[in-house]
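Engineer: Take this structure, written in structure tokens, and hold onto it; I'll ask about it next.
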Ligand code: THU
């Protein structure tokens, strides 16, 4: 699975977004080290705080299916599902990535199906808090 294919799956996942409050539709496609893809969309709530981001939807689906090793995630988003700029994962999602992923985990953001850029997790969460900080 190359990055362009993963971005395409993130665009498809975005179609499933449930975002009646913000109108921001977000899609994610998470690739496991074994080559399986889990998609995710954002899911909002009238009481706002239960809202779940697309990235965490993808992670939680995968983790609840027993997956523990991940190689990359593609993320796209935009108002009413129209992608015009790079949609960067929020801090909470970056923290979830840090829980389950190594430093070589790649985050791919796209502003069109053909235009994307890649980051390694430590670039998006430098000096992050992780389980290594609480090991005794
Ligand atoms: N959102 C995501 O799905 N991923 C992020 O990393 C940031 C924000 C969603 C949450 C909410 O439904 C909408 O985007 C606007 O904040």
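The values are calculated or read from the model by the stated rules, or taken from the named source; none is laboratory data. Nothing here was measured: the structure is a model prediction, and the numbers come from that model. Neighbour counts are summed over all protein chains in view; Cβ atoms, including those assigned to glycine, are modelled from backbone coordinates with ideal geometry.
Engineer: Please state which one of 16, 1 is more than 14 Å from the chain's Cα centre (by Cα), part of a loop (DSSP other than H, G, I, E, B), at pLDDT below 95 and over 20 Å from residue 125 (Cβ atoms).
Structural biologist: Details: 16 fails: at pLDDT below 95.
Answer to the selection: 1.
Engineer: In contact (Cβ under 8 Å) with a residue 40 or more places away in the chain, assigned to a strand (DSSP E or B) and closer than 14 Å to residue 108 by Cα, is that true of residue 31? Break it down into steps so the answer makes sense when it comes.
Structural biologist: Values: in contact (Cβ under 8 Å) with a residue 40 or more places away in the chain: yes; assigned to a strand (DSSP E or B): yes; closer than 14 Å to residue 108 by Cα: yes.
Yes: the conditions hold for residue 31.
Engineer: Collect the residues in the range 42-72 that are near the ligand (Cβ under 8 Å from one of its atoms) and either more than 12 Å from the chain's Cα centre (by Cα) or part of a loop (DSSP other than H, G, I, E, B) (or both), keeping them in residue-number order.
Structural biologist: 42, 43, 44, 51, 53 - these are the residues of the range 42-72 that are near the ligand (Cβ under 8 Å from one of its atoms) and either more than 12 Å from the chain's Cα centre (by Cα) or part of a loop (DSSP other than H, G, I, E, B) (or both).
Engineer: Separate question: Examine the range 107-116 for a residue that is away from the ligand (no atom under 15 Å from the Cβ) and in contact with a helix residue (DSSP H, G or I) (Cβ under 7 Å, 6 or more places away or on another chain), and state whether such a residue exists.
Structural biologist: Looking through the range 107-116, at least one residue is away from the ligand (no atom under 15 Å from the Cβ) and in contact with a helix residue (DSSP H, G or I) (Cβ under 7 Å, 6 or more places away or on another chain).
Engineer: In the range 17-41, which residues are touching a helix residue (DSSP H, G or I) at 6+ places or on another chain (Cβ under 9 Å) and more than 10 Å from the ligand (Cβ to nearest atom)?
Structural biologist: Initial filter on the range 17-41 (touching a helix residue (DSSP H, G or I) at 6+ places or on another chain (Cβ under 9 Å)): 17, 25-32, 36-41.
29, 30, 31, 32, 36, 37, 38, 39 - these are the residues of the range 17-41 that are touching a helix residue (DSSP H, G or I) at 6+ places or on another chain (Cβ under 9 Å) and more than 10 Å from the ligand (Cβ to nearest atom).
Engineer: What pairs come up if the first residue lies in the range 44-66 and is on the phi > 0 side of the Ramachandran plot, the second is surrounded by 10 or more Cβ atoms within 10 Å (Cβ to Cβ) and at pLDDT 95 or above, and their beta carbons are under 9 Å apart, counting only those six or more places apart or on different chains?
Structural biologist: Final answer for the pair search is 48/21.
Engineer: Would you check if residue 39 is without any contact (Cβ under 8 Å) to a residue 40 or more places away in the chain, within 16 Å of the chain's Cα centre (by Cα), assigned to a loop (DSSP other than H, G, I, E, B) and closer than 20 Å to residue 8 by Cα?
Structural biologist: Numbers: without any contact (Cβ under 8 Å) to a residue 40 or more places away in the chain: yes; within 16 Å of the chain's Cα centre (by Cα): yes; assigned to a loop (DSSP other than H, G, I, E, B): no; closer than 20 Å to residue 8 by Cα: yes.
No, not satisfied.
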